[in-house]
1. Per residue Cα convex hull volume for region 36-192, in cubic angstrom?
2. Counting only other residues whose beta carbon sits under 10 Å from that of ILE250, what net charge do I get with K and R as +1, D and E as -1?
3. Over all directions, what mean area does the Cα convex hull of region 1-123 project, stated in square nanometres?
4. Hey, what angle do you get for helix 3-12 against the long axis of the chain, alpha-carbon based, 0 to 90 degrees rounded to 10?
5. Helix 55-68 sits at what angle to the longest principal axis of the chain, using alpha carbons and giving 0 to 90 degrees rounded to 10?
6. Taking the structure as given and computing Rg/Rh (Cα atoms, Kirkwood Rh), which label from [x] 1.00; [y] 0.96; [z] 1.02 fits?
7. Using Cβ counts within 10 Å as a stand-in for footprinting exposure, how do GLU339, GLU205 rank, fewest first?
8. Using Cβ counts within 10 Å as a stand-in for footprinting exposure, how do PHE228, PHE48 rank, fewest first?
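The numbers here are math on the coordinates, done by the rules we state, and not lab data. This one's a predicted model, so the numbers in the text were calculated from it and none came from an experiment. Cβ: placed from backbone, ideal geometry, glycine included. Neighbour counts: every protein chain shown.
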Amino acid sequence: MEYLNTYLDNIKTKNLAQANSIKNTAETIGKEYLSKFDFCSHKMGLLFGNVQSGKTGQVFGVVCKAVELGFQFFILLTTDNVALQKQTYERTERDLEQQNGFVVCSEEDEQKFRSHGVKPVIIVLKKNSKILKEWTNKLKNIDDLKGNPLFIIDDEADAASLNTKVNKNEISTINKYLREIKDLSTSSIYLQMTGTPQSLLLQSEISGWKPMFTYYFKPGKEYLGGDFFFKEKTPNFVRFIDDERDGESIAYKVIIRHLVVSAQLFLSGAKVSNCLVHPSSRQDIHQQVRREFEKALSKVTFNHNEKDFVEDLKKEYDSISPNKSQKADFVDIKEKVFEMLENHNYKIVVLNSSSSDEPEECKKGCNFVIGGNSLGRGVTFDKLNTFYYTRSSKTPQADTMWQQSRIFGYDRDAGLVSLFIPENLYNLFVQINDTNDAIIKQVEEGRQPSISYAGNLRPTRMTVLDKSLLNILVGGSNYFPANPINNTYDQIT
């Protein structure tokens, strides 16, 4: 059976360019790495693309190609999030079982895994210590796995999989179980996936988690990523808020902008419009910001007929230039905003570990989403065009900042986006984007990436890097190689 072509045929009807991209990724990895696999060793690889640029579709293509090249047993690992695991399972079941003849198992489907027959089988598991321990024991007692290769796909492989106790000469729990699962088979391919590969590329070879091959896939044309948002010449949609001291005043400006954008989207047929507010990892700050938005929304709702409010709406209206729909008349925008305010057709949603709000509440209507760590990996928001980001740290980490911004994606409208942010934070993102571009260029050229950041910006959390083997170069110092490659003045110049 031609698993890859069957999978691609279903995608071509929706997005031909995406199908071609997936085919190129699957065929290249298949030819360069999978077809050369010796079926008696354990190989670690890395598939990375931009954040929220369609990694799942790409890796499904690789899985289909792997089946054609002799692999039958697959494990797909997700981050430790119940909703995300369920979402990933349902998508895997739809794309690979219903449309392509796979047997897809969730965490409770041991019997289904055992009775898969001759069909390729894939288990979708959370990276949760209890779940991994249970499946480690289950897989030990499944005879079919013995003597056969195992193909493991680790989504967000830099998030929880690495050994966080490497500098204590110990092994962290998740990493321990992943090692055991990998070693259950006589051979395996472990494919890491992420949009922020810094911690993976900085692993030592002796750790066993450094990728032996790396493949980068480019995003599609509709994707808005780092090169769009973070430039040395600041784009017009970026609004620095350094001079603002009143949180309620900033909230008012964010609200006006988002109401206009939402009205434009709803008038063009959209069902949802999201604004993301990321002030801090602290939950007390989330509640403080919520109160600021509640007060500002109450005043806007009460005073929406006043002249000043209408003038503020007109100013924002003049600044938008939608690319994906025809710009509505201001009269229609104003009427839609008034309707939303008078009927209270908007929500403030707080997403953190103690909140009762759920991401599902952001699937329709006009929403102001406030949160911190819960806004990170795997969480997606449709029609997200308004961003208010102020989270700061004494020792910021490039990969964490990039993942938690949630700013990138395909359904953003370049003529509607806006970013409210302090200037120093924006400059940090510019630096991260420049380094990301450098990493991509080095990978595409087949070179071992070198990663460098200025100031106190770290590439990743230091707990997963072996400090005894890490070579750190500090800015402001002179370094002289013991064996320079260039030894003449002409070569140097």
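1. That works out to 119 Å³ per residue.
2. -1
3. 8.2 nm²
4. 10 degrees
5. 20 degrees
6. [x]
7. On the way: GLU339 12, GLU205 9.
So the residues, fewest neighbours to most, are GLU205, GLU339.
8. Going from sparsest to densest Cβ surroundings: PHE228, PHE48.
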